[in-house]
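One structure is given below, encoded as structure tokens.
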Amino acid sequence: MRSEIRTAIVLGGVIAVGLAIASISLTALDSEPVPAVTSGGSPDAPQAAQAVDKSRFKTAPDLAGIAHYLNTTPEELEDRIGDSVVLYDIWTYSCINCIRTLPYITAWDEKYADNGLLIIGVHSPEFEFEKDVENVQRAVEK
């Protein structure tokens, strides 16, 4: 009986140490070094200071590979993004979970759009019938 308890304690300790090492390793991978900004001398210093996002939030990736734009154009969308806080809503029109989020997303848009929130819906079809642009347009209108 004692050897079983001792084995369980050792195994628990090994698992705890393994989780701690994995957590530290993954945390180190997620953090990005902030470039040092020195004052004086370099003509690049003001530009380097502006390039650092003091909030430390990561910026959203650019939209790429969009086949069709509904209710906007790529140029209009780029102009609207500007300094906005952007929420990408990845959805598909036949997904019940996506449909259930619509009241919340609509409420956020009504409440925070004037404060700089821009919600961009990105339709990501799961089934073949959802790939038809006319079906997507009808769902958006609905």
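Read-outs: derived from the displayed coordinates by stated rules, not from any lab. Just so we're clear, the structure is a prediction, and the values are computed from it rather than from any experiment.
Assorted remarks:
- Long-range HN-HN contacts of residue 121 with modeled amide H, under 5 Å: 89
- Column: log10 I(q)/I(0), Debye, Cα scatterers of the range 68-142, q = 0.14, 0.25, 0.28 Å⁻¹: -0.49, -1.29, -1.38
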